[in-house]
Each structure stands twice: as structure tokens, then as C-alpha cells.
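What follows is calculated from the coordinates using simple rules that are stated; it is not laboratory data. All values derive from a computational prediction rather than experimental measurement. All Cβ positions, glycine included, derive from the backbone under ideal geometry; neighbour counts span all protein chains shown.
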Amino acid sequence: MRIERKPVNLFSYNDYRVYLKELYQSAKKTRSSFSFRRFSRIAGFASPNFLKLVMDGKRNLTEDSLPLFMKGLGLNKQEQEFFKNLVFYNQAKTNEKKDYYYQKLIQSKKFSQLKPIEKHQYEYCSEWYHSVIRELVVSKEFDGTPEWLSRKIFPAITPAQARRSLETLEKLGFIKKNDEGKYQQSSPLVSTGSEVASLALYNYHLNLLDIAKTALEGVPAEQRDMSSMTLGVAKSRVGQLKKMIQEFRQQIMKTVSTDNDPEEVIQLSIQMFPLTRGEEQV
């Protein structure tokens, strides 16, 4: 006997442990005889409570234990591929690894159908030029074509990238066409899980660092401002500095909020991070 999976859709989950918990609860309701011990016997695990240990985060799955585990779950080939990538995504220790396995997850057609907004928001943050295009489409100069965007943006992107960006922005609801057929901005509240949002922002900031390098070489000094400070501060000061940065960003946003016809799109990045380790890290 295997776990009854029908009420629980694997492809709707970002966390495999949450999936397992809800799957187990569903199995207990439909088949009262199901138990952790029975699962271990079906899968071939010596530990009678291996499923519970994994569910509770006390044990991770490995390349060796995954095939047995998926056998116990009774997953088909498509589900096995998704479950494997979901496991490695959740267990990844670095953002680079998380990003690698998340890209595999969103390649799943069923996942994309169930969570299209999550996929598009991830794509939005993973490409630096989406936010630029969102600002440019309301410019009076914009002729409505991807070719214009391709020529306007620095560093250069292709018309195909610009076209896909417009599609992504529309699907997210960040832009829409008015009665005259021209784009206008809209600002819906779009939310994914905090883990996915964090991964998307990681990609976004990583891309911006690369763009900053390009700008340092390709943009004249009179058109840019790049500076840095290395400061010795008390730990208690960090929170105050973060608040000052947040207030400065709000002030900048307020200053440019009336610029309804942008002639340029600029990137303002502020970074503050420690260059020393705390006592607990030494």
C-alpha cells in the first residue's frame, strides 16, 4: 500500500517537508491503517520513523535515500523529477545552488500552470532590465516597439529580450495598455513565499553589481556618481544607519514621483555590509 496522493498536489508546493506533512495527514484520513512504520517497510528503510524524521527536519534526503523515498510515496516519473529538484532546492546551502534548482522547478509545466505569478516575479527580479523597461514604457518618446527599447537601453539588450520583458510585465500586471493602446504603469501587490522572494532579490542585486561594473567603464564621470566609505562603527549604530538609508531612499522617491514623462532611467544603488566578522563567527 502506498500513500494516497490525490487530495495533495505536489506541484503546488515550494517546501517538500510541508508537502510531506500534508500528504501524511491526508493519507491518515483516507487510510487509517497507514503509519510511519508501514511507509518505511514499503520504501525499504531500516528506521521505522524515517518519514517523520524527514518531515520534522531532523533528517535530510540524499542521492541514495531519494529513490527509496520516492518509491514509498509512489511518485510517477514526472513527479519524481520535480520532487528531487524541490528537495535539493530546499536543502541547498547557497543562493547559487538554490537558484540552480529553482530554475529546474519552474521548467515544470504543471508548476508554471499552478503558480504563474511566482514564476514571472522570479523572472522579473532575475533580469535587471525589466524594471528599466517598466519606467521607459511611459516615456513620450516610446514608440511601442521592442526595437526602440533595445536601442535605448544601456547596456544593450536584444529586441527579443525587450519583447519577452513586456510580456512578463503585462502578465505580472506591472504595466497595461490604456484605451489608446499605450502602456501605463500599475502597481499591484504581488507576493510569493519569502524564500522565493529572497532568491529573486538575490539574483536582482547580483545583476546590478555586474551592471555597475559596466557603467564604471562605459559611462562618462559627469553622468555618474560612484563613491564608497569604510567606517568603524559601534554595533548599536548599524540599525540607525539602516534607518537613515531607508529615509534617504524615501526622500529620493518623493523627489522624482512627479516625473511622469521620464527622459532617462537611472539606477541608484546603496550598499552597506560588514567587512569584519562578529565574535560568534571567529
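Miscellaneous remarks
- Per-selection Rg to Rh, the stretch 115-213 - Cα, Kirkwood hydrodynamic radius: 0.97
- Calculated FRET value between residue 41 and residue 62, using beta carbons and R₀ = 22 Å, to 0.05: 0.65
- Under the convention that each Lys and Arg Cβ holds +1 and each Asp and Glu Cβ holds -1, the size of the dipole of the stretch 147-271 around its Cα centre is about 480 debye.
- With R₀ fixed at 30 Å, the C-beta to C-beta distance from residue 158 to residue 245 puts the FRET efficiency at about 0.30.
- Farthest towards the positive end of the charge dipole of the chain, among the residues 87, 131, 55, is the Cα of 55, using unit charges on the Cβ of Lys, Arg, Asp and Glu.
- Signed unit charges on C-beta, dipole axis of the chain, positive-most listed residue 268, 68, 223: 68
- Over all pairs of different C-alpha atoms, the chain has a mean inverse distance whose reciprocal, the Kirkwood radius, equals 22.7 Å.
- Global geometry of the stretch 2-69, whether rounded, prolate or oblate, following the gyration tensor of its Cα atoms and the 1.5 cut on a/c: oblate
- Number of Lys-Lys pairs in the stretch 10-93 with C-alpha atoms under 23 Å apart and a separation of 8 or more places or on different chains: 20.
- According to the calculation over all Cα-Cα pairs in the stretch 24-149, the P(r) per 5 Å bin from zero is 2, 9, 14, 15, 15, 12, 10, 6, 4, 4, 4, 3, 2, 0 %.
- Rounded to the nearest 10 degrees, the angle from helix 237-256 to the longest Cα principal axis of the chain is 60 degrees.
- Test item: Cα-centred dipole of the stretch 10-93, Lys/Arg +1 and Asp/Glu -1 on Cβ, debye: 420
- Taking the Cα centre of the chain as reference, the dipole from Cβ charges on Lys and Arg (+1) and Asp and Glu (-1) amounts to some 2200 debye.
- By the Stokes-Einstein formula, at 0.692 mPa s and 37 °C, the stretch 243-282 with its Kirkwood radius over alpha-carbon pairs has D equal to 247 µm²/s.
- Helix 95-106 axis versus longest C-alpha principal axis of the chain: approximately 70°, rounded to the nearest ten.
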